[in-house]
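The values are calculated or read from the model by the stated rules, or taken from the named source; none is laboratory data. Please read all numbers here as calculations on a predicted model, not as lab measurements. Positions of Cβ are generated from backbone atoms using ideal geometry, with glycine treated the same way; all protein chains shown enter the neighbour counts. Side chains included, ligands, DNA and RNA excluded: accessible areas come from the protein's heavy atoms. Shrake-Rupley method; radii C 1.70, N 1.55, O 1.52, S 1.80 Å.
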Amino acid sequence: MIGEMRGAIFDLDGVIVDTAKYHYLAWRRLATQLGFDFTPADNERLKGVSRMRSLEILLEVGGRSFDPATCRTLAARKNSWYVEYIRAMDAREILPGASEYIGLLRKAGVKTALASASKNAPTILERLGISGLFDAVVDGTQVTNSKPDPEAFLLAASAMGVPPRDCVVFEDAEAGVEAARRAGMGIVGIGRPESLKDADLVAASLGQLRALLPWARCPAGR
Ligand code: BG6
Ligand code: MG
């Protein structure tokens, strides 16, 4: 259940920016090198999942397996391609209404944090010019257990100084929705309701939420 929101925690990929297309291009390039196909449908399984787990899923799709050292080399190769793509990003790639919505919550006195599984999150925030929209940033370099473990969200809540029960998570991936549930937080799913069944509320984008969340009240107006 969503109560009054004092802290808002945002996933990055798929909520603020569509980086899934760049992850896909880089993973597909690796699959092609390894001699198998990797389809957009296969890519859906990688959303919200850590880099090494993504590689495991990719290799499972291609029916291949490698020793741990080779896996690290393959993941690093994919990441170097991915970084080439994201270095070319700019503010035009922010999803419609996302910065405005986060800015609106901040104006209403809600603390904001980013909690992403991506180790590249700081580069992406910098490219988009939106680091200033967050009181706290938790990225893939700061967590030991990736989503669906609640660690990233709990760390973000603690960095904002807001108890988990007063936080709402904005997530596009099933693994993230489960992590938010395990953290005891409210959940707004961003995307299609069919794939976000456990969310308290689902919207197509952050831009659509302005009218939907009357409970994001201004403390001064209470
Ligand atoms: C998540 C993405 O945000 O970050 C996943 O949804 C990705 O698809 C994960 O695998 C890790 O990203 P990175 O940038 O550390 O490889
Ligand atoms: Mg995501």
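Any residue that is open to solvent by 60 Å² or more (accessible area, probe 1.4 Å), more than 10 Å from ligand 1 (Cβ to nearest atom) and within 30 Å of G161 (Cβ to Cβ) - is there at least one of those in region 8-29? Within region 8-29, none of the residues are open to solvent by 60 Å² or more (accessible area, probe 1.4 Å), more than 10 Å from ligand 1 (Cβ to nearest atom) and within 30 Å of G161 (Cβ to Cβ).
Filtering region 102-117 to residues that are within 16 Å of ligand 2 (Cβ to nearest atom) and either open to solvent by less than 10 Å² (accessible area, probe 1.4 Å) or part of a strand (DSSP E or B) (or both) leaves I102, A113, L114, A115, S116. Figure legend. Inter-residue proximity from region 72-93: first residues more than 16 Å from R51 (Cα to Cα), second residues open to solvent by less than 10 Å² (accessible area, probe 1.4 Å) and not in a helix (DSSP H, G or I), beta-carbon distance below 7 Å, spacing 6+ or different chains. Indicated pairs: E93/V17. Could you list, in sequence order, all residues of region 143-160 that are touching a Gly at 6+ places or on another chain (Cβ under 6 Å) and of a type in the set (D, E)? Across region 143-160, there are no qualifying residues. Residues that are free of Cβ contacts under 8 Å to residues at least 24 places away in the same chain and open to solvent by 80 Å² or more (accessible area, probe 1.4 Å) within region 53-66 comprise E56, E60, S65, listed in sequence order. If you check R87, R29, R51 for being in contact with a helix residue (DSSP H, G or I) (Cβ under 9 Å, 6 or more places away or on another chain), within 16 Å of ligand 2 (Cβ to nearest atom), within 27 Å of G191 (Cα to Cα) and not β-branched (V, I, T), only one passes: R51. Among the residues making up region 129-148, those that are within 15 Å of ligand 2 (Cβ to nearest atom) and either in contact (Cβ under 8 Å) with a residue 60 or more places away in the chain or farther than 15 Å from L12 by Cβ (or both) are G140, S146, K147, P148.
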